[in-house]
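The values are calculated or read from the model by the stated rules, or taken from the named source; none is laboratory data. Just so we're clear, the structure is a prediction, and the values are computed from it rather than from any experiment. Here the Cβ positions follow ideal geometry from the backbone for every residue, glycine too, while neighbour counts run over all protein chains shown.
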Amino acid sequence: MEYEGIKGKVALVTGAAQGIGEAVARALAGLGAIVAAIDRNAAGVEKLAAELNGTGNLRAAPYPADVGDRAAVEEAVERIEQELGPIEIVVNVAGVLRAGRIESLSDEDWQETFRVNVNGVFYVSRAAVGRMALRGSGSIVTVGSNAAGVPRMHMSAYAASKAAAAMFTKCLGLEYARNNIRCNIVAPGSTDTAMQRVLWSGEDGAEAVIAGSPESFRLGIPLHKLAMPSDIADAVSFLVSDRARHITMHELYVDGGATLGC
């Protein structure tokens, strides 16, 4: 599908070395964007850029950085603007998951979750949105989670961080609407990524997630399948494109119906 308004634009994608972030980077590059791939996994983003640039055209450039480090983010954004051009698309994907019962979570588990999942979204968005505002256009999408709207057993830090990131993104959209900057959230459910597989206890992990678990107050997935990273990337591509030019402060759930539209 063609998504107008992406080709030729510089798109900053965090968490681009793996999972949903990598899928988003590949999707946007395939639609003609020049992807600035950010991840603390330097080897991962360098490999991604090398693969995307294999045709000889500049489709991606690696910018190794930890999104939870304010100075590193600001330096990366400055370099991207100097080396690739004005950032017109930002996709916040980088995230971490520290699962466990609340009494077993350490201070470090809680702080690291918020450092990456919330501070990272804030630092990246703040560094980019001021530049976008001066130019009078831009689109920012934060990849959140359906856990931000429905409580999850043993995922309190993650769910709370994703709820914070989602509300921040909506506030960002409200403040910068006058500058023609749209800010939206894509909220995946269970998606077949390395992060999801960490939660599985056996080879039937996917089937257990799809079926749901009354003991943990978790509904199953009505569509009877996990999402693929490309499903999330498709939703992101739509929201940053001109096809979504009148959509802002929206939270799009891509979870196969797992939260029953709540």
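Give the residue, chosen from ARG79, ARG115, ARG98, that is of a type in the set (Lys, Arg) and in a loop (DSSP other than H, G, I, E, B). Before you say what the answer is, go through the steps one by one.
Details: ARG79 fails: in a loop (DSSP other than H, G, I, E, B); ARG115 fails: in a loop (DSSP other than H, G, I, E, B).
Being of a type in the set (Lys, Arg) and in a loop (DSSP other than H, G, I, E, B) holds for just one of ARG79, ARG115, ARG98, which is ARG98.
Is it the case that segment 241-262 has a residue that's crowded, with 16+ Cβ neighbours inside 10 Å, assigned to a helix (DSSP H, G or I) and modelled with pLDDT of 90 or more?
Yes, there is a match, as at least one residue in segment 241-262 is crowded, with 16+ Cβ neighbours inside 10 Å, assigned to a helix (DSSP H, G or I) and modelled with pLDDT of 90 or more.
Select from segment 34-48 the residues that are in a helix (DSSP H, G or I) and within 13 Å of ALA72 (Cβ to Cβ) and list them in ascending order. Don't jump to the end; show me each part of the working.
First pass over segment 34-48, keeping only residues in a helix (DSSP H, G or I): 42-48.
If the condition is that a residue be in a helix (DSSP H, G or I) and within 13 Å of ALA72 (Cβ to Cβ), then ALA42 is the only one that fits.
Table: residues versus (1) surrounded by fewer than 24 Cβ atoms within 10 Å (Cβ to Cβ); (2) farther than 25 Å from GLN111 by Cα.
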position	(1), (2)
ARG26	yes, yes
GLY32	yes, yes
ALA36	no, yes
ASN41	yes, no
ALA50	yes, yes
ASP69	yes, no
GLN82	yes, yes
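If a residue must be of a type in the set (Lys, Arg) and in contact with a strand residue (DSSP E or B) (Cβ under 8 Å, 6 or more places away or on another chain), how many such residues does segment 1-16 contain? Full working, then the answer.
So in segment 1-16, the residues of a type in the set (Lys, Arg) come out as 7, 9.
From the residues that got through so far, the ones that are in contact with a strand residue (DSSP E or B) (Cβ under 8 Å, 6 or more places away or on another chain) too are 9.
Looking only at that region, the number is 1.
I'm checking my understanding of the structure. Among residues of segment 1-24 that are surrounded by fewer than 23 Cβ atoms within 10 Å (Cβ to Cβ) and within 14 Å of the chain's Cα centre (by Cα), which one is nearest to ASP69 (Cα to Cα)?
GLN18
What is the residue count in segment 67-98 for residues that are in contact with a helix residue (DSSP H, G or I) (Cβ under 7 Å, 6 or more places away or on another chain) and more than 21 Å from SER139 (Cβ to Cβ)?
5
Report yes if some residue within segment 126-133 is among the β-branched types (Val, Ile, Thr) and part of a helix (DSSP H, G or I); otherwise report no. Walk me through how you get there before you give the answer.
Going through segment 126-133, the residues among the β-branched types (Val, Ile, Thr) turn out to be 129.
Still in the running and part of a helix (DSSP H, G or I): 129.
Among the residues of segment 126-133, at least one is among the β-branched types (Val, Ile, Thr) and part of a helix (DSSP H, G or I), which makes the answer yes.
Among the residues of segment 138-154, count how many are part of a loop (DSSP other than H, G, I, E, B) and either basic (Lys, Arg) or within 18 Å of CYS262 (Cα to Cα) (or both). If you could, list the steps in order and put the result at the bottom.
Of all residues in segment 138-154, those part of a loop (DSSP other than H, G, I, E, B) come to 144-145, 149-154.
Add one more test, that the residue is either basic (Lys, Arg) or within 18 Å of CYS262 (Cα to Cα) (or both), and what stays is 144-145, 149-153.
Residues flagged as part of a loop (DSSP other than H, G, I, E, B) and either basic (Lys, Arg) or within 18 Å of CYS262 (Cα to Cα) (or both) within segment 138-154 amount to 7.
Whether any residue in segment 88-96 is closer than 17 Å to THR14 by Cβ, buried (at least 24 other Cβ atoms within 10 Å of the Cβ), in contact (Cβ under 8 Å) with a residue 60 or more places away in the chain and in contact with a Leu (Cβ under 6 Å, 6 or more places away or on another chain) is what I want to check.
yes
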